[in-house]
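What follows draws every value from the coordinates through simple rules; no lab data is involved. Quick caveat, the model's predicted, so the values are computed rather than measured. With ideal geometry, Cβ positions are generated from the backbone for all residues, glycine too; neighbour counts draw on all protein chains shown.
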Amino acid sequence: MRIDSARQAWHDCNYNPAPGQTSDAAELGVVVQGTQRGPTANHAVHGALAGQIQSAIARLHFQLRAFGNAMYAAEPCADDVEDAEEAVFNLACSRVERMTANKRERAEYVAKGVFRRYRYMHQGGQSANPDPMANPEEFRKWMFVVFEVKLPSVAWGRDWEPFVQLCFDACYDIDAKALSPIGGVIYQMKEAA
């Protein structure tokens with residue numbers, strides 16, 4: 001297991017390659033015959049490193065753990081995604097002065113949509129993907145197709161753009177809180193090496 005970043009470590013810590021396999025071979029499900037003499041201790045090293053990362057993840061608050069799993073786990077479960085979306089919605093709503101009940105109902109789906117955009121943008125841990133729906137019109141159309149929620153284009157900048165930004169800010173804040181302890185563990189491991 002190579003430890004280049006907290007995001008990558010979160011993703012890789014759940015792989016458990018068989019002796020003699022690299023994590024790529026375990027991920028692909030293919031064992032390539034090589035000329036090596038036999039199994040090495042790489043699987044034990046991987047297990048020790050992965051255990052430290054898994055331990056740090058297990059100590060996180062459940063919403064931070066769910067957000068990180070939804071973002072970076074190799075196979076995120078639906079419950080983690082749902083909890084992550086709820087955390088984004090709750091944090092964004094806590095930063096809004098007031099909201100009507102009708103808008104709050106639609107805002108929950110906006111938070112889900114923003115989380116999915118954020119996850120796509122940071123997929124793979126490199127944060128290199130562009131926002132797939134940076135154009136409000138594309139986002140509005142996608143919201144209707146996926147959630148059957150209509151967001152009016154009239155006064156978008158006043159009514160929805162600030163809330164979308166609050167959701168992105170919430171994603172960044174939760175992501176940083178979730179990754180910080182993992183980064184601390186990585187720092188300690190590199191200092192000890």
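Going through the stretch 139-193, which trypsin sites (Lys or Arg not before Pro) have at most 10 other Cβ atoms within 10 Å and a DSSP loop state? Show your work: numbers first, answer last.
Details: sites: R140, K141, K150, R158, K177, K190; in loops: K150.
Here the sparse-neighbourhood loop sites are K150.
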- Message: I'd like the trypsin sites (Lys or Arg not before Pro) in the stretch 66-103 restricted to DSSP loop residues with at most 15 other Cβ atoms within 10 Å, sorted by number.
- Response: R95, R98
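Counting only other residues whose beta carbon sits under 14 Å from that of P132, what net charge do I get with K and R as +1, D and E as -1? The partial results should precede the final answer.
Values: positive: R116, R117, R119, R140, K141; negative: D131, E137, E138.
Neighbourhood net charge equals +2.
Note down the magnitude of the dipole of the stretch 62-178 about its Cα centre, charges +1 on Lys and Arg C-beta and -1 on Asp and Glu C-beta and zero elsewhere, to the nearest 20 debye.
On the way: 15 positive and 19 negative charges, 69 e Å.
Dipole of the stretch 62-178, to the nearest 20 debye: 340 debye.
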- Classified through the alpha carbon gyration tensor (a ≥ b ≥ c as square roots of its eigenvalues; rounded if a/c is under 1.5, else prolate when a/b is larger than b/c, else oblate), the stretch 62-178 comes out prolate
